[in-house]
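Please read the structure below before turning to the comments.
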């Protein structure tokens, strides 16, 4: 009894230290960077009803569950970067706890501890676990979905049918990338149940709920017609490999780590399949392998035959599956030196990770502070891509609320539209052609033009040509650039209007 009590205390100590480590790694420098564009949309759509409904119209209801969770949080604690990102951090902490519970229940506490540790130090997890977007929530729901599915496979109880339908429905309300993940689960049913023993009615109703949500949302909110995002292309093999590297941890060392994991799994499963197929652990591992690779193959197929949908952040739904498989393999390797050597790879990857490459840094705070400090009466600001005015306006309003003097700037600084008509928020990098008349007319009203250019990370040749055309017209009508400023992924040009 004393030995059992000592072991239990030791495990609880490891769990506590692991959770504190995860929290510290996620919380460090959490408010150092200003919001980038997508985060701004999350904040605005969670605080303003008109923006909220407009965003749902643009995306066919995408992310509605995340916005509904973020809304009361912001109402209670405010919309500062630390506050809204803390919401994601706490969500990811729940994901770590749930991942441990799931793996401990089906594989044992040793696998649970290793898997939770691998998740905690993975740069992909740490990068998307501290931004004001729905990816942390998607990660949590992905773990909950796998856990619910396996509980249902173990015990065909009605409450687990309800649980799985609810979790998968919330996943679809969080992001449509949940659809290939749920379809892969449906395939996995036949790894656990014989065809004649499948409760078809209950199972059909369970998977019908998320399917109905996915089909009905665009009808309710309007199907988006925003064009293709040019930075998403049908992936070739090189793109698939580099995307998987980002998911594994953002380093080639982790690709080697993942290859070892899947080779060990393959050898183990082939060597034991004739004897262990009826063993639950064997079937769970086989199911997890299918659940990792099949959604990836479906996303690649959709990208080639329907529309591009293959992106590293979309793979966050299968990311925890890989973590569990890696934890299982490390626990099964009997050669201690090899286990330690493999564990060193994720730790080295964490220490050398460049988190700015995994996510985006756009210093909108710096842009607003510059223009505010240098503001002169008769200034105007234009943007490319055009919806850059959303984060700029957000920080300008926040500056006005925090500073007595900036009210004047907020009220008198004009934001210029270089293009005629409306354009979609999620319409990709390709923007409507700018209006030469709109640029020419600026000289009759304003003295100086601030031209803010951002999102070059997603610019294609055609979009770069659009930016160059705006520069050419500004040069033609107002003379050369007076000053240029760089704010990480944002460039600011100052033109003086020549009367």
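Readers should treat all values here as calculations from the given coordinates under stated rules, not as data from a laboratory. Just so you know, these numbers come straight off a predicted model, no measurement behind them. Backbone-built Cβ (ideal geometry, glycine too); neighbour counts: all protein chains shown.
Of note:
- For the stretch 241-310, the fraction of C-alpha pairs more than 21 angstrom apart is 41%.
- Gain in span if fully extended, residue 47 to residue 351, counting 0.36 nm per residue against the direct Cα distance: 105.8 nm
- Put in line by how crowded their Cβ is, counting other Cβ atoms within 10 Å and starting with the fewest, 374, 488 read 374, 488.
- Protection proxy ranking of 363-369, 337-343, 192-198, by the mean of other Cβ atoms within 10 Å over each peptide's residues and highest first, is 363-369, 337-343, 192-198.
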